[in-house]
Amino acid sequence: MSRGEPAALFERAVGGDRGALARLLSFVEGGGEPSRAVARLSYRSEPPYVVGITGAPGAGKSTLTDQLVTVVRSGWPAVAASDPIPGADAEPVEQIAVLAIDPTSPFTGGAILGDRARMQRHATDPTVFIRSMATRGHLGGLALAVPDALRVLGAVGIPVVVVETVGVGQVEVEVAGASDTTVVVVTPGWGDSLQAAKAGLLEVADVFVINKADRPGATEAGRDLRQMLSLGAPTEWNPPILETVSTTGEGVGALWAAVAGHRAYLRASRLLESRRAVRVEKELRKVLAARIEARLDVVAGSAEYKEAVEAVREGRADPYEVAEALLESS
Ligand SMILES: Nc1nc2c(ncn2[C@@H]2O[C@H](COP(=O)(O)OP(=O)(O)OP(=O)(O)O)[C@@H](O)[C@H]2O)c(=O)[nH]1
Ligand SMILES: [Mg+2]
């Protein structure tokens, strides 16, 4: 077994080698057989607790994530007696990973390099692992690469992962779907909240953050959000709306407490397990769809397929019978 093979890399990554972990995630990102080899090595692991941070470009997600990393390293706060798991103790968080995901840039690195720079102060901290991921020809794209990456991070013993996604679109909603607690970041003013609402982010938000609260309009933004939320169906969990100033770290402790509160709620209500089960089911469906699509490509490239097209075109057969015959012979 060579040092560059997934199995050797995996062993080193479990032993704390962050370079090896980065290589494994590159395999995951690249897709194909190497990513499957990594999946075979990591599937038995305990999943990390995943906190998704999403919102419009420039809302301050990376600055917020950077601040959050410091707070998270101080551990899960003790949950108060009035909370769903009474008497739960404070729990240390020995390691944390940040995945910065940019679905809009197929590996150009622009925004991602900026993110890296913003999180530079953790660069030399061995307990903090920061990694960017972009779409790079992965079959099924990020929707499959992200859960694979999360499994690898869990397998090497990282208990908490913060996933930052750039932009407001379908991919963000999907990536948010991979999180246990989804934090939606907006800024003062109507624009962000409306955009988030249009993108369907209101429904996936477990916690709202009005960042840049040092600017005018934060109170109004909170009111607008509350109003938009009140239009939706009533829910058991009422997403808290918090204000932060990421540049100074103000409010970030309260944000972490809100995430901890949501986690306690998910655990007490058993929603954590059921949501994770739904996620696995969806993931499996995507894996299957990708495999079926690949088989379809093979069929569509065959001589029989070309002949079938001719047969339908010339009126010798109907599309359903030739499809049936193709499926049987493939
Ligand atoms: N005034 C103010 N500026 C902030 C605050 N948080 C972040 N910023 C600034 O907003 C700009 C964008 O911050 P980022 O953290 O890169 O935002 P982002 O949401 O990660 O941006 P993308 O990843 O490009 O979507 C930077 O210049 C930050 O310094 C804040 O609370 N107040
Ligand atoms: Mg960012």
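The numbers here are math on the coordinates, done by the rules we state, and not lab data. If you're wondering where the values come from, they're calculated on a predicted model, not measured in any experiment. When we count neighbours, we look across all protein chains shown, and the Cβ atoms used for this are built from the backbone with ideal geometry, even at glycine.
Extending 7 Å from Cα along the Cβ direction at GLU314 and again at ALA90 yields two label points whose distance is 8.0 nm. A protection proxy built from the mean count of other Cβ atoms within 10 Å ranks the segments 8-18, 255-265, 24-34, most packed first, as 255-265, 24-34, 8-18.
Inter-label distance, ARG270 to SER302: 4.6 nm, where each label sits 7 Å from its Cα along the C-beta direction.
Bridges between two residues of the chain, per DSSP, are antiparallel at a rate of about 10%. Converting phi to 3J(HN,Hα) with the Karplus coefficients 6.51, -1.76 and 1.60 and the offset θ = phi - 60°, the range 251-268 yields x, 6, x, 5, 4, 5, 5, 5, 5, 4, x, 5, 4, 5, 5, 4, 5, 5 Hz in sequence order, with x at every glycine or proline. For ILE130, the residues whose modelled amide H falls within less than 5 Å of its own, excluding neighbours fewer than 5 places apart on the same chain, are VAL98. Give the aspartates and glutamates whose C-alpha is closer than 15 Å to that of LYS61, dropping any in the same chain fewer than 8 places away, or say none. Correct list for LYS61: ASP102, ASP115, GLU164, GLU172, ASP192, GLU243, GLU250.
For helix 18-30, what angle does its Cα long axis make with the longest principal axis of the chain, in degrees from 0 to 90 and rounded to 10? Roughly 40 degrees, rounded to the nearest 10. In this label model, GLU250 and ARG295 are separated by 5.9 nm, measuring between points 7 Å along each Cα→Cβ vector.
Rounded to the nearest 10 degrees, the inclination of helix 271-300 to the longest alpha-carbon principal axis of the chain is 30 degrees.
Each of the peptides 177-189, 274-286, 39-51 was scored by the mean count of other Cβ atoms within 10 Å over its residues; in descending order, highest first, they stand as 177-189, 39-51, 274-286.
Working note: Debye formula, equal point scatterers on the alpha-carbon atoms of the chain, no solvent; log10 I(q)/I(0) at q = 0.13, 0.14, 0.16 Å⁻¹ is -0.97, -1.10, -1.37. Dividing the convex hull volume of the alpha-carbon atoms in the range 286-329 by its residue count gives 68 Å³ per residue. Computed from backbone phi, the HN-Hα couplings of the range 209-219 come to 10, 9, 8, 6, 5, 6, 9, x, x, 5, 4 Hz, rounded to whole numbers (Karplus: 6.51 cos²θ - 1.76 cosθ + 1.60, θ = phi - 60°; Gly and Pro given as x).
Packing-based ranking of 146-155, 65-74 yields 146-155, 65-74, ordered from highest to lowest mean Cβ neighbour count within 10 Å. Over the chain, dividing the summed -39,500 (n - 2.57) contributions of all DSSP H runs of at least 4 residues by the number of residues returns a 222 nm mean residue ellipticity of -16000 deg cm²/dmol.
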